[in-house]
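Okay, so here's the structure we're looking at.
Derivation of every value follows stated rules applied to the coordinates shown; laboratory data play no part. Owing to the predicted nature of the structure, the values given are computational and were not obtained by experimental measurement. All Cβ positions, glycine included, derive from the backbone under ideal geometry; neighbour counts span all protein chains shown.
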Protein chains: 4
Amino acid sequence: MTGWIDRQTQAAIDATREDVAALHAELVRYGLVVWTGGNVSGRVPGTDLFVIKPSGVSYDDLTPENQIVCRLDGTVLEGTPGSDRSPSSDTAAHAYVYRTMPHVGGVVHTHSTYATAWAARGEAIPCVITAMADEFGGEIPVGPFAIIGDESIGEGIVATLTGHRSRAVLMQNHGVFTIGTDARDAVKAAVMTEDVARTVHITRQLGEPIPIPQQSIDALFDRYQNVYGQKPAGELK
Amino acid sequence: MTGWIDRQTQAAIDATREDVAALHAELVRYGLVVWTGGNVSGRVPGTDLFVIKPSGVSYDDLTPENQIVCRLDGTVLEGTPGSDRSPSSDTAAHAYVYRTMPHVGGVVHTHSTYATAWAARGEAIPCVITAMADEFGGEIPVGPFAIIGDESIGEGIVATLTGHRSRAVLMQNHGVFTIGTDARDAVKAAVMTEDVARTVHITRQLGEPIPIPQQSIDALFDRYQNVYGQKPAGELK
Amino acid sequence: MTGWIDRQTQAAIDATREDVAALHAELVRYGLVVWTGGNVSGRVPGTDLFVIKPSGVSYDDLTPENQIVCRLDGTVLEGTPGSDRSPSSDTAAHAYVYRTMPHVGGVVHTHSTYATAWAARGEAIPCVITAMADEFGGEIPVGPFAIIGDESIGEGIVATLTGHRSRAVLMQNHGVFTIGTDARDAVKAAVMTEDVARTVHITRQLGEPIPIPQQSIDALFDRYQNVYGQKPAGELK
Amino acid sequence: MTGWIDRQTQAAIDATREDVAALHAELVRYGLVVWTGGNVSGRVPGTDLFVIKPSGVSYDDLTPENQIVCRLDGTVLEGTPGSDRSPSSDTAAHAYVYRTMPHVGGVVHTHSTYATAWAARGEAIPCVITAMADEFGGEIPVGPFAIIGDESIGEGIVATLTGHRSRAVLMQNHGVFTIGTDARDAVKAAVMTEDVARTVHITRQLGEPIPIPQQSIDALFDRYQNVYGQKPAGELK
């Protein structure tokens, strides 16, 4: 995709810019990020594009206009607002997810404290509270150690989450990546990941949690996917 | 109760809508909830109705008008503002409490971190600080494991709290339910539950707390129920 | 002191009301209190009066006008704004301190989390960080278990702090009382108590702190009392 | 440098005052300081001067005008705004760093909770998360125990950080000092120090972290220094 952008695509890009810029504030509100760490992206519906945070810019300074439009190979779409800046240093990982998981509409990355602590020990978070069964349908798994610079982070995310109920993965020694039907859904998963990471950590500080029977986990997950909230037709979660 | 609502009932509904909507902000202020989790309800005085939060709506978007009026069987009162939306997924539990505990005027549910950690281990919080003796008159008990979908959560709350001084119950692997004379009193109980859950957790991280003699717990609870605060006649706590 | 209040006393009362009302916001800012717990009082300079928070009133609703003027025996000074309300349920303890420690101009009480955890184990906080040597000149001691209703709390505070460098005492199973040259100084002591209680707790979670030599503690305390800050003549700390 | 200040120097001083005053708000935002503790300073580019916080002044009351201009020997530059007040009690340590490390443009000092806990045990923070490899290139080291009053704190900072990748040092039993290319860079280092101190602490509460191979640490540090962010030519980090 180069050059000319039709009116409908432009409107979809603009709406995604608004969403992505605004959703970064949720990462701040829930204390998931410090300084310029962390990033949210959203697929532009009906296109092969996604919108992502610029690299190293303060959360106070994020606007719809300085979000960056990228193609699914991770390159910046030239001639669009923000295209003179560098996108998030995690852009390659986001791009890999969008290319290989077509049902994913949003990706979030944080180093939120409790989730990163589980990741640094390389331990999955066990599903011992009902809110976690609702949201993740079981444990939150650990992905491989992989460093920035090639496709190994993206590959690790996709390999771990493919066929898994969880929308969150703890990348070993690194932090969290979450996926969702759109950027908002991925942000919700990031918020819930830190919440359950913290609650289960604190549980285990003074003893072992009581397990939840698998059939109860299944029942909770099934119900939450289908009943909870004010759901318009067509939304998956 | 259907159809026509007299002026006095309407005024009572409107006042309860205001209270319930506003009290949700206290859950946010004290960090007891994330995203759309948690809920507050209040009985409409002089009626067989209660007002509760809509399901899956952001705390930022709660207003008196989008709170939902329900009958004591948990069904939505048609033809009232908000009645086109789904009430909180915990509505059945709230309704069960109002039906079986007529002195209860407010119910709150949260997954607040420290209280939920005690619940995940299935441990009651021991009464080792005087603020807890004041507010709860002893330990905060654990209720059974019960999953959403029938009356088992409501039954578990009522079975645990009946005849108990505590206005709070830790539902195993789930979270907290609190009751009160009105919605504000139940919110206070939810705030104090997390506060004492946290303080006693932190106490025990480095050793065992010194027990408080039972007669001192009794004296503190008695005094606090009868002396503390600026109390109008007729308020129980 | 009854009835007629001269103009100078009135101005001193009004100024103390302003200070005491405003300083409560610092307890909220630093997370030392929840709901209506905690209280600040200040001696009215040049009088046998002090100003204290009303009982059971929300921090949002505190104003200079609803603070309550009390005599040193803990009774409310009739005919002054706020005198139709009950003062803090801890008023007797504050009054005891003002009566027996004439150099004290401010008293604060909180149930702040980490300090109360030390109090619930009945352990003094050891002086292992230089900020604690600066501010408290050594450990923060534990006072006796005493329940509200007579002078035993006030006696326990005074017995523990008399002849001690610390301006803070951990009342066993209860919480913190701090004293200061004025209300602001006592609030500072309450803020620093929680800060060092938290830091030393977290230190000990993963091992033992390195002790600070007594002569270094003495040197730091001496210096901080005499050099730090922008100090007008006559202020003690 | 005394007396007459040329226009260019004056402009540089004014800009540094603005930066230093504003950056103190970041210490508050990230919870690194309480009351009047902590301080930021910045070298005035092209001069032998630096700007630092006044001693014992509330964070609410900091303005560009009340920051204090000092020479590299730590004395106050007379005749400038703020010069009638005392500079931070840590001024001698900042001055020592500026005198002996000419590439340093900013210094920050805090007693932030988790970092100070590591310092109180005298333990370096091991590099077990990728964000720490990015930012610090390895462990955050411990400096000697040294008390205020002579040059021993400054000497300890410089001795520990010379030849070390880390821009942060944990001064034993005391707190954190960070350095940077300018005041903002030093503040970022202080924020990241507390963030990694907390994450690694929480990691170790429930087991041992998985080590990161040295070659991965090296690769991450190298990449972050050279690729991350929107970097104008000439900025070092």
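If you take all other residues with their beta carbon under 15 Å from the beta carbon of B:Gly74, and give Lys and Arg +1 and Asp and Glu -1, the sum is -2.
For chain C, the convex hull drawn through the C-alpha positions has a volume of 118 cubic angstrom per residue. Calculate the tail of P(r) for the range C:48-116: the fraction of all Cα-Cα distances greater than 15 Å, expressed in %. Of all Cα-Cα pairs in the range C:48-116, 53 percent lie more than 15 Å apart. Mean-square fluctuation check for chain C, GNM, Cα pairs under 10 Å: which of C:Glu26, C:Glu151, C:Glu208 is largest? For chain C, modelled as a Gaussian network with Cα springs under 10 Å, the answer is C:Glu208. Using only Cα positions of the range C:56-177, each an equal point scatterer, no hydration layer, compute I(q)/I(0) via Debye at q = 0.09, 0.16 Å⁻¹ and quote the log10 values to two decimals. Listed by q, the Debye log ratios stand at -0.28, -0.83. Sequentially through the range D:89-102, phi angles give Karplus couplings (6.51, -1.76, 1.60; θ = phi - 60°) of 5, 9, 4, 4, 5, 4, 4, 4, 5, 5, 5, 9, 10, x Hz, Gly and Pro residues having no value and appearing as x. A simple count of charges around B:Phe50, restricted to other residues whose Cβ falls under 15 Å of its Cβ and scoring Lys, Arg +1 and Asp, Glu -1, yields -2. As an exercise, use a Förster radius of 35 Å and the Cβ-Cβ distance of D:Thr75 and D:Ala124 to find the FRET efficiency, rounded to the nearest 0.05. For D:Thr75 and D:Ala124, the calculated efficiency is 0.55. GNM, chain A, Cα, under 10 Å: largest mean-square fluctuation among A:Gly154, A:Gly207, A:Gly42? It is A:Gly207. With a cut-off of 14 Å between beta carbons, the residues surrounding D:Asp150 carry a summed charge of -3, where Lys and Arg count +1 and Asp and Glu -1. Among the residues of C:184-191, the average count of other protein chain beta-carbon atoms within 10 Å of the residue beta-carbon is 1.
What number does the protein assembly as shown give for Rg over Rh if you use C-alpha atoms and the Kirkwood radius? Here the Rg-to-Rh quotient is 0.97.
Inter-copy label distances at A:Ser83, shortest first and taken from points set 7 Å along Cα to Cβ: 5.4, 5.4, 7.7 nm. Taking 7 Å steps out from each Cα toward its Cβ at C:Asp61 and C:Ser152 produces label points 3.2 nm apart. Charges were assigned to the Cβ only: +1 to each Lys and Arg, -1 to each Asp and Glu. The resulting dipole of the range A:7-226 about its Cα centre is roughly 180 debye. Over chain D, DSSP H runs of length four or greater, each weighted -39,500 (n - 2.57), average out per residue to a 222 nm ellipticity of -13000 deg cm²/dmol.
Of all the options D:Val142, D:Val108, D:Val128, the one that moves most in a Gaussian network model of chain D with Cα springs shorter than 10 angstrom is D:Val128. Which entries of A:Lys188/D:Lys53; C:Lys53/D:Lys53; A:Lys53/D:Lys188 have Cα-Cα distances beyond 30 Å here? Too far apart for the 30 Å limit: A:Lys188/D:Lys53; C:Lys53/D:Lys53.
Of all DSSP-defined beta bridges confined to the range A:82-182, some 75% are antiparallel rather than parallel.
DSSP beta bridges fully contained in the range A:7-226 are about 90 percent antiparallel. On alpha-carbon atoms, Rg over Rh for the range A:125-219 using Kirkwood Rh? Across the range A:125-219, the Cα-based Rg/Rh ratio is 0.98.
In the assembly of identical copies, C:Ala159 has its label point, taken 7 Å from Cα in the direction of the beta carbon, separated from the corresponding points by 4.8, 4.8, 6.7 nm (ascending, one decimal).
The ranking of B:Met132, A:Met171 from fewest to most other beta carbons within 10 Å of each one's beta carbon is A:Met171, B:Met132. The mean number of Cβ atoms from other chains found within 10 Å of a Cβ in peptide D:124-131 is 5, as a whole number.
Short-range pairs are left out: with C-alpha atoms under 8 Å and at least six residues apart, the relative contact order of chain B is 19 percent.
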